[in-house]
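This report concerns only the one structure given below.
The values are calculated or read from the model by the stated rules, or taken from the named source; none is laboratory data. Quick caveat, the model's predicted, so the values are computed rather than measured. When we count neighbours, we look across all protein chains shown, and the Cβ atoms used for this are built from the backbone with ideal geometry, even at glycine. Surface accessibility is based on the protein's heavy atoms, side chains included, excluding ligands, DNA and RNA. Shrake-Rupley method; radii C 1.70, N 1.55, O 1.52, S 1.80 Å.
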Amino acid sequence: MGDGVTLIHEPWIKPFYRCNMWLVRGRDRDLLFDTGLGHVSLSRHVPLVTERRLVCVASHTHFDHIGCHHEFPERCVHSAEAAILENPRNDRTLADRYATDEMFMALPEGWDASRYHIPPAPAGRILEAGDAIDLGDRAFEVIHTPGHSPGGIALFEKKTGVLLSGDIVYDGPLIDDTYHSEISDYLATLERMRGLDVSVVHGGHFPSFGPTRYRHLIDEYLALKRKPGCHL
């Protein structure tokens, strides 16, 4: 994708459910942002993620983003969702509602929705807003993005304008009705993020996009939720 960023995804999952996993090359170590559903082992099937030392960061702890976190020893998550990553029960990760056969274009070998679960993956580092993920020659600032979930984060590299946005903004329908979503937080987060000097946004789902589309998506959501009669 340019700027040393590689997209990894699970092509057998319908686009709406398909998580984008982002690998960023660094001088001293690499960054892996999210790890997908986890039905297929990421470390066994994608050699790129095992070639060098790697820090694995969760954008948030919904099941489609943390399925293979347990495969990587250096794990990071925001403090508000550290307990979920440590004990990722299906009711806490949304797997009880969404990890069904309906996710797939064709069922992968061995899939059984009734047996699906994510192994515990306690984080070695707890993240807060303003922290940095340092790769040696490049660094990403942690931006806390509550709204979709309480401990959501995005990662922003100021010198390149690369934003790894997770599920707070992507080029598709934004989800604000999960059990721990909060629309008022969502609005505040997007208002705060709108002014970022982004060059490219790599979201948690759907294709990447540039700064004009980024601001359009934010403005569209803000306008929709501020309509008369919309309950926050």
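Of note:
- Charge-dipole axis of region 59-111 as Lys and Arg at +1 and Asp and Glu at -1 on Cβ define it, positive-most pick from ALA95, ILE84, GLY110: ILE84
- Region 160-232-region 94-126 distance, computed between alpha-carbon centres (Å): 25 Å
- The label-point distance for GLU128 and HIS216, in a model that sets each label 7 Å from Cα toward Cβ, rounds to 3.9 nm.
- Placing R0 at 35 angstrom, the Cβ-Cβ distance between ALA83 and PHE206 gives a FRET efficiency of 0.75 after rounding to 0.05.
- Our helix-only sum for the chain, with -39,500 (n - 2.57) per DSSP H run of n ≥ 4 divided by its residues, gives a mean residue ellipticity at 222 nm of -5000 deg cm²/dmol.
- Scanning the chain for GluC sites (Glu not before Pro) in DSSP loops with at most 13 neighbouring Cβ atoms within 10 Å leaves 129-232 as the longest stretch between them.
- Dipole magnitude (debye, nearest 20) for region 138-221, charges at Cβ of Lys, Arg, Asp, Glu: 440 debye
- Extension gain, PHE16 to TYR179, is 56.8 nm, computed as 0.36 nm per intervening residue step minus the present C-alpha separation.
- Signed unit charges on C-beta, dipole axis of the chain, positive-most listed residue LEU135, HIS69, VAL169: LEU135
- Surface per residue (accessible, 1.4 Å probe) for the chain, Å²: 44 Å²
- Shape category assigned to region 131-172 from the gyration tensor of Cα positions, a/c cut at 1.5: oblate
- Amide hydrogen neighbours beyond the local backbone of LEU127, cut-off 5 Å, H modeled: VAL77, HIS78, SER79
- Figure legend: label point modelled 7 angstrom from the Cα of LEU48 along Cα→Cβ; residues of region 148-166 with amide N under 18 Å from it are 162-166.
- Solvent-accessible area, 1.4 Å probe, carbon plus sulfur percent, for the chain: 52 percent
- Taking the DSSP bridge list for region 148-232 and keeping only pairs wholly inside it, about 50 percent are antiparallel.
- Total charge dipole magnitude, the chain, about the Cα centre, Cβ charges on Lys, Arg, Asp, Glu only, Debye to nearest 20: 340 debye
- Other-chain or far-sequence residues with amide H under 5 Å of VAL55's (modelled H): ASP30, LEU31, LEU32
- When the alpha carbon gyration tensor of region 118-232 is reduced to an equivalent ellipsoid, its three semi-axes come out at 24, 19, 12 angstrom, largest first.
- Cα pair distances exceeding 29 angstrom across region 1-152, given as percent: 13 percent
- Rounded to whole numbers, the Karplus 3J(HN,Hα) couplings from phi for region 107-117 are 5, x, 4, x, 6, 9, 4, 5, 9, 5, 7 Hz, using 6.51 cos²θ - 1.76 cosθ + 1.60 with θ = phi - 60°, and x at Gly and Pro.
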